[in-house]
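The values are calculated or read from the model by the stated rules, or taken from the named source; none is laboratory data. Keep in mind that what you see is a predicted model, and the values were worked out from it rather than measured. Using ideal geometry, Cβ is built from the backbone for each residue, glycine included, and neighbour counts are taken over all protein chains shown.
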Amino acid sequence: MKWMKNLKSYVPPSFVVERDDYRCIRCKACVEQCSFDATFYDDEEDRVWTWNANCVGCNRCAAICPTDAITVKRAEPSYRYNHNWNGHVDSLKKRAIYGGTPVVSMGNDKPYPIYWDNMLLNASQVTNPSIDPLREPMELKTFLGRKPDSIHVDDSGLKTRLTPQLELDIPIMFAAMSYGALSYNVIESLGRAAKEMGTYYNSGEGGLNKDHYKFKGNIIVQVASGRFGVHKDYLDVGSAIEIKIGQGAKPGIGGHLPGEKVSETISETRMMPKGSDAISPAPHHDVYSIEDLRQLIYALKESTEYKKPVAVKIACVHNVAAIASGIARAGADIIVLDGFKGGTGASPQVIRDNIGLPLEVSLAVVDERLRQEGIRQYVSLVASGGIRNSMDVVKAIALGADAVYIGTAALIAIGCTMCQQCHTGKCAWGISTQDPHLSKRVNPDMASKRLINLLEVWALEIKETMGAMGINSIESLKGNRLNLRGVGLNDKELEILGILPAGE
Amino acid sequence: MKIVKIREDNCIFCHLCEVACIVEHSQSKDIIKAFKREEKPIARCSVEFNYPVSLSVMCRHCDDAPCVEACQNGSMHRDDRGYVVVDADTCVGCWMCIMACPYGVIKRDTRRESWGLSTKCDFCPDREIPACVEACPNEALTLEEI
């Protein structure tokens, strides 16, 4: 009776798994690979079958099947169509049945406007030459950190003392994803790729496993409201320190790592008891104002002898420009803006889907505000949250970013299919799990190679596009909004984005 | 000489090495026909599991192969390439090789009319890269020079 459907807890399945019985050779690879108990093998009947209600649509079974016998299809509920209530019936039922608010993962999946797709880039024709990146040098090197108002040079060289800078060979870094949310092997892969590509990965708020200290020189360490795993060695290993005030996927609330994911090594790294929930408070309890933030920034700078830039990460919210201005004045060297499409390992659905601002808009207004106030040089801007491809990177930089963070894109490169089950800890692709058997599914040798491939291809694509625009250095693209034109946007949106409409 | 290196840290217990081995040693070398139309060959590798450890094990082609020593009529022998293989025509199924093998990777095929046949990894003589290595989705089996 274990697998009998019961009306009491019935919500129609989101997916239907179709199996071509002629092609199925009963190798049972799919049965073993399904970590959500959706696929079974019945010995007596010699039959592989599926409990659709448990299927999360991760497509692991379809991917592993050697005969291509499996197709996973989205199941549309066959209720009478109702534009107003469409999609709300089941989510309402779930709350009513279970008495709790659903927790979800990944980024906002609602059909809000994607401004990246309403912006077009320029290219040189006749009156100015385009550049071929395969024949001519193209510079992608970027420095993040506070820049002086002016520099003094004499015959012996630079006289101005510069504040510490992060040197990036490509303007793409791996976003904060903690060890705890992600498996050991994924962190290992991110670290290897960052080292190889001359960029940085962010430890996230879960501290740093001792094994990963070897990536020193390519790590940004995060200090979040839970302060998990923050100690002297941790700060020393980081090339920069990031204070996480907010996260795009869940602005205004803290983090929550379920106890099931707090394994022996996680508990050691996070300095907390094994099996207990890791709960980060919503605010930093010592940061209730810009002045408090300044104290924290300088406390971290003091403790690292002013050798490392300090970044402050905020979620894009309504007054983002004013907040960013305050952060710049509080002494931050880098501001990370996390848009509402940014991912997460766990967030209440209502928060993920309804709070925050698009990254594109926030980036434009923050860059504009800092320029108007004459303090843009005090901080570098890092754009984060929903960067999907290399052209999003180019557009972000043209809107005013110095560099970008990629999180979801990096996970997809490793295998993620965005089934939004990170919070369950059962990731069938071995990414967001602490199960030692599941996490073997990410082979760091293969995954780091894929990440390196991704960054190399994106770098080439960025160079190609820059070449088309007649630009040979990423510095010349920064805040260069004349290379952007808006399509399908209204006057106010164009004004806020600071770009001209197509044709003007 | 090249061998198949087993990397247990990467094995995901999908059994595709076994599937590939069966297909490679089938008559048709077609996955559907091998499993559904023919008498299915025995997989020469086997995936062992004891949570969270899993690994695929197949003949190590030992330098001092005890199975070759134990074979009463020289059916178990080293071929031109240096790999340990069975001569199916002369094997009488006495299973002494199975008794001698320290890895337990020789299997009994009792489906012949006359007598049994010791079945083990032959390092895919028709292929450059053994089928199991090629099929492994997570590079838990790799081909390496020793």
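Brief remarks on what is shown
- Breaking point among (1) at pLDDT 95 or above; (2) in contact with an Asp or Glu (Cβ under 6 Å, 6 or more places away or on another chain), for residue A:425: (1)
- Scan region A:27-61 for residues that are among the small types (Gly, Ala, Ser) and within 13 Å of chain B (Cβ to nearest Cβ) and the total you get is 2.
- Filter pass, residue A:29 being in contact (Cβ under 8 Å) with a residue 24 or more places away in the chain and under 20 Å from residue A:441 (Cβ atoms): yes
- Qualifying residue in region A:404-423 (condition: within 14 Å of another protein chain (Cβ to nearest Cβ), within 28 Å of residue A:314 (Cα to Cα), surrounded by 20 or more Cβ atoms within 10 Å (Cβ to Cβ) and hydroxyl-bearing (Ser, Thr, Tyr)): no
- Check on residue A:60, at pLDDT 95 or above and within 29 Å of the chain's Cα centre (by Cα): yes
- For residue A:353, the test of being within 28 Å of residue A:217 (Cβ to Cβ) and of a type in the set (D, E, K, R) is failed.
- Residue match in region A:195-202 (condition: crowded, with 23+ Cβ neighbours inside 10 Å, assigned by TED's automatic domain parsing to the domain that holds residue A:272 and either free of Cβ contacts under 8 Å to residues at least 12 places away in the same chain or under 27 Å from residue A:350 (Cβ atoms) (or both)): yes
- Checking the stated criteria, residue A:253 turns out not to satisfy the condition of being out of contact with any Cys (no Cβ under 6 Å at 6 or more places or on another chain) and either of a type in the set (Ser, Thr, Tyr) or crowded, with 23+ Cβ neighbours inside 10 Å (or both).
- Within region A:338-346, one or more residues are polar (S, T, N, Q), crowded, with 23+ Cβ neighbours inside 10 Å, in contact with a Gly (Cβ under 8 Å, 6 or more places away or on another chain) and closer than 28 Å to residue A:257 by Cβ.
Rundown of residues vs (1) within 14 Å of chain B (Cβ to nearest Cβ); (2) small (Gly, Ala, Ser); (3) touching a Gly at 6+ places or on another chain (Cβ under 6 Å), yes/no style:
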| position | (1), (2), (3) |
| --- | --- |
| A:394 | no, no, no |
| A:428 | yes, yes, no |
| A:433 | yes, no, yes |
| A:457 | no, no, no |
| A:468 | no, yes, no |
| A:487 | no, no, no |
| A:495 | no, no, no |
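- Per-region count, region A:228-257, residues over 20 Å from the mean Cα position of the chain (by Cα) and either free of Cβ contacts under 8 Å to residues at least 40 places away in the same chain or within 15 Å of residue A:191 (Cα to Cα) (or both): 4
- Residues that are surrounded by 14 or more Cβ atoms within 10 Å (Cβ to Cβ) and within 14 Å of another protein chain (Cβ to nearest Cβ) number at least 1 in the following strands (runs of 3 or more DSSP E) confined to region B:1-88: B:2-6, B:46-50, B:53-57.
- Counting residues in region A:212-219 that are assigned to a strand (DSSP E or B), in contact with a helix residue (DSSP H, G or I) (Cβ under 7 Å, 6 or more places away or on another chain) and in contact (Cβ under 8 Å) with a residue 12 or more places away in the chain gives one or more.
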